[in-house]
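The values are calculated or read from the model by the stated rules, or taken from the named source; none is laboratory data. Just so it is clear, the model here is predicted, and its values are computed rather than measured. For neighbour counting, all protein chains shown are included, and Cβ atoms are generated from backbone atoms with ideal geometry for every residue, glycine included. In case anyone asks, the SASA skips ligands and DNA or RNA and just uses the protein heavy atoms, side chains included. Shrake-Rupley method; radii C 1.70, N 1.55, O 1.52, S 1.80 Å.
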Amino acid sequence: MYHPPDYYEIDALLTDEHKMIRAAVREWINRNVKPVIEDYAQRHDPLPRQLLRQMGALGALGPFIPEKYGGPGLDYISYGLIMTELERGDSAVRSGASVQSSLVMYPIYTFGDEAQRLKYLPKLASGESVGAFGLTEPDHGSDPGGMKCHFEDKGNHYLLNGSKMWITNAPFCDVAVVWAKDEMGKVRGLIVERGMEGFTTPETFNKWSLRASATGELVFDNVKVPKENLLPGVRGLKGPLMCLNSARYGIAWGVLGAAMECYDTALRYALERQQFGRPIASFQLQQKKLAEMVTEITKGQLLAWRLGVLKNEEKATPAQISLAKRNNVEMAINIARNSRQILGAMGITGDFPIMRHMVNLESVITYEGTHDIHLLITGMDVTEISAFS
Ligand code: TGC
Ligand code: FAD
């Protein structure tokens, strides 16, 4: 039985509706993800693909999208709590929901016109349609401003060329929000649909991390994109970066789920496992690990909750979101590593969720901006000097 820590009674800061939403997603994870996730991860088989419609019914796809467009219109604390529960199941499940919500629905809602919102959002909210987000390219990861992907105005359509890589959900996406440069070199967002001639999505294999998530490329070879598929509401790199703010916010909450599951597993194991005639939890070195874990989780919970309040008030800055993503992902990966040690050899098996969380978090600390990039964003914010250029 899972007992997530709430050392500082943060539950008292949640509404009854928040707790109801959290309980529903936790129960859904217990029934639909926990029993099968290990098998999907071992077989390198994408689980979110099978679950997207159920996640849609739960309100986990675009939780902040208004009801008019098929979303449940929830607040940002609810969004965060949903992400925490999903990532306790597996980072791949949270990733699937993050991309759909923050990287596909958010830009269509925020930068799209009414026709685009009505055409795409309801199907994305229900999980009938799967979305992908194309920013990273083979030669431009941390530095997306250097992207080569580009399009030309051909009168009655745009002609898109280039490629994106490391794209979550690419192999089975129905629509992709793709960031490419126009003839003036300005970054714009285009909605590309599966079936458009010249658009292919080869899968990337051989991953040791996020094995239950599909990753791939988006390749555009003279793709004719209808003019009505250009997102009219934003120009420049700030468009994709605003989407990242929303996804990074979700990750700051999500990784708490992975961390709490690892801690809870390690605590229970330490209390049961006997060595030298005593539970290993009685040894000071193991207590130090557990005490530090619960301390870091509590700090991470407070950070996420306060950020959620600021986000609800539309006051959360990109730098605040960046700090929370960096802090909480590092916290989670350290907790996964220490929890694995508490379990000794058992910790490397799939009988426990820890090793799977640990290797997943190696992706989470890299995507949505690497740990180093987030350190530099905070450095830039406090010094007002950019270390990037
Ligand atoms: P820079 O010159 O600083 O900024 C360009 C323009 O953007 C504005 N801006 C932002 N706007 C909104 N939110 C933010 N977070 C913003 N950061 C910057 C900025 O004000 C400027 O606007 P304007 O109007 O003056 O033009 O840009 P730079 O080229 O120096 O780069 C800055 C840097 C390095 C911080 C940024 O490019 C960055 O964050 N790099 C990391 C890339 C990244 O995170 N990629 C993620 C790809 S998607 C992904 O990983 C999905 S994983 C999904 C899953 O499975 O869960
Ligand atoms: P690089 O940018 O090449 O960085 C390599 C190393 O150099 C890192 O340690 C980095 O911190 C360091 N570095 C780079 N620049 C600096 C600097 N200025 N100062 C100091 N150190 C620096 N992208 C999408 O667009 N959509 C997706 O859906 C998506 N899903 C992903 C799913 C997975 C599983 C993974 C692993 C990645 C995904 N990504 C996605 C890509 C991800 O965002 C990039 O991997 C990430 O932004 C880093 O880019 P890179 O891998 O090219 O590393």
message: Tell me yes or no: at least one residue of segment 326-348 is more than 16 Å from ligand 2 (Cβ to nearest atom), open to solvent by 70 Å² or more (accessible area, probe 1.4 Å), closer than 26 Å to Gly141 by Cβ and not hydrophobic (A, V, I, L, M, F, W, C).
response: yes
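Matching residues to (1) farther than 13 Å from Tyr249 by Cβ; (2) at pLDDT below 95; (3) buried (at least 24 other Cβ atoms within 10 Å of the Cβ):
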| residue | (1), (2), (3) |
| --- | --- |
| Tyr69 | yes, no, no |
| Gly73 | yes, no, no |
| Thr84 | no, no, yes |
| Gly96 | yes, no, yes |
| Gln100 | yes, no, yes |
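If I go through segment 150-165 residue by residue, how many of them are of a type in the set (Lys, Arg) and more than 29 Å from Lys207 (Cα to Cα)?
Pass one, segment 150-165, residues of a type in the set (Lys, Arg): 154, 164.
Narrowing further to those that are more than 29 Å from Lys207 (Cα to Cα): 154.
Counting residues in segment 150-165 that are of a type in the set (Lys, Arg) and more than 29 Å from Lys207 (Cα to Cα) gives 1.
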- prompt: Just one of the numbered conditions (1) more than 16 Å from ligand 1 (Cβ to nearest atom); (2) without any contact (Cβ under 8 Å) to a residue 24 or more places away in the chain is not true of Glu228; which one?
  reply: (2)
- prompt: Of all residues in segment 1-39, how many are open to solvent by less than 30 Å² (accessible area, probe 1.4 Å) and either assigned to a helix (DSSP H, G or I) or among the hydrophobic types (A, V, I, L, M, F, W, C) (or both)?
  reply: 9
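Take the residues of segment 109-126 that are in contact with a Gly (Cβ under 6 Å, 6 or more places away or on another chain) and closer than 29 Å to Thr370 by Cα: which is farthest from ligand 2 (Cβ to nearest atom)? Lay out the reasoning, then the answer.
Going through segment 109-126, the residues in contact with a Gly (Cβ under 6 Å, 6 or more places away or on another chain) turn out to be 111, 121-122, 124-126.
If we keep only those that are closer than 29 Å to Thr370 by Cα as well, we get 111, 124-125.
Values: Phe111: 16, Leu124: 15, Ala125: 19 Å.
Step by step, filter segment 109-126, then rank; the result is Ala125.
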query: Within segment 216-245, can you find the residues that are closer than 20 Å to Lys148 by Cβ, in a strand (DSSP E or B) and open to solvent by 10 Å² or more (accessible area, probe 1.4 Å)?
result: Glu217, Val219, Asp221, Asn222, Lys224, Leu230
- request: Please go through segment 204-220 and pick out each residue that is more than 9 Å from ligand 2 (Cβ to nearest atom), in contact (Cβ under 8 Å) with a residue 60 or more places away in the chain and under 18 Å from the mean Cα position of the chain (by Cα).
  value: Trp208, Arg211, Ala212, Ala214
task: With the condition kept exactly as written, say whether any residue in segment 301-318 is aromatic (Phe, Trp, Tyr) and in contact with a Gly (Cβ under 9 Å, 6 or more places away or on another chain).
output: yes
task: Considering (1) within 16 Å of ligand 2 (Cβ to nearest atom); (2) open to solvent by 20 Å² or more (accessible area, probe 1.4 Å); (3) more than 26 Å from Arg268 (Cβ to Cβ); (4) not aliphatic (A, V, I, L, M), say which one His374 fails and leave the rest.
output: (2)
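Within 17 Å of the chain's Cα centre (by Cα), open to solvent by 70 Å² or more (accessible area, probe 1.4 Å) and not assigned by TED's automatic domain parsing to the domain that holds Ser98, is that true of Glu368? Talk me through it step by step, then tell me what you get.
Details: within 17 Å of the chain's Cα centre (by Cα): yes; open to solvent by 70 Å² or more (accessible area, probe 1.4 Å): no; not assigned by TED's automatic domain parsing to the domain that holds Ser98: yes.
It is false that Glu368 is within 17 Å of the chain's Cα centre (by Cα), open to solvent by 70 Å² or more (accessible area, probe 1.4 Å) and not assigned by TED's automatic domain parsing to the domain that holds Ser98.
Can you name the residue in segment 156-167 that is open to solvent by 20 Å² or more (accessible area, probe 1.4 Å) and in a strand (DSSP E or B) and, of all such residues, is nearest to ligand 1 (Cβ to nearest atom)?
In the first step, residues of segment 156-167 are kept if they are open to solvent by 20 Å² or more (accessible area, probe 1.4 Å); the result is 156-159, 161-163, 165-166.
Applying the additional criterion that residues be in a strand (DSSP E or B) yields 157-159, 161-163, 165-166.
Numbers: His157: 26, Tyr158: 22, Leu159: 24, Asn161: 20, Gly162: 15, Ser163: 15, Met165: 11, Trp166: 7 Å.
Applying the filter and picking the extreme gives Trp166.
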field: Residues of segment 246-266 that turn out to be open to solvent by 10 Å² or more (accessible area, probe 1.4 Å) and within 14 Å of ligand 2 (Cβ to nearest atom), as a count
entry: 1
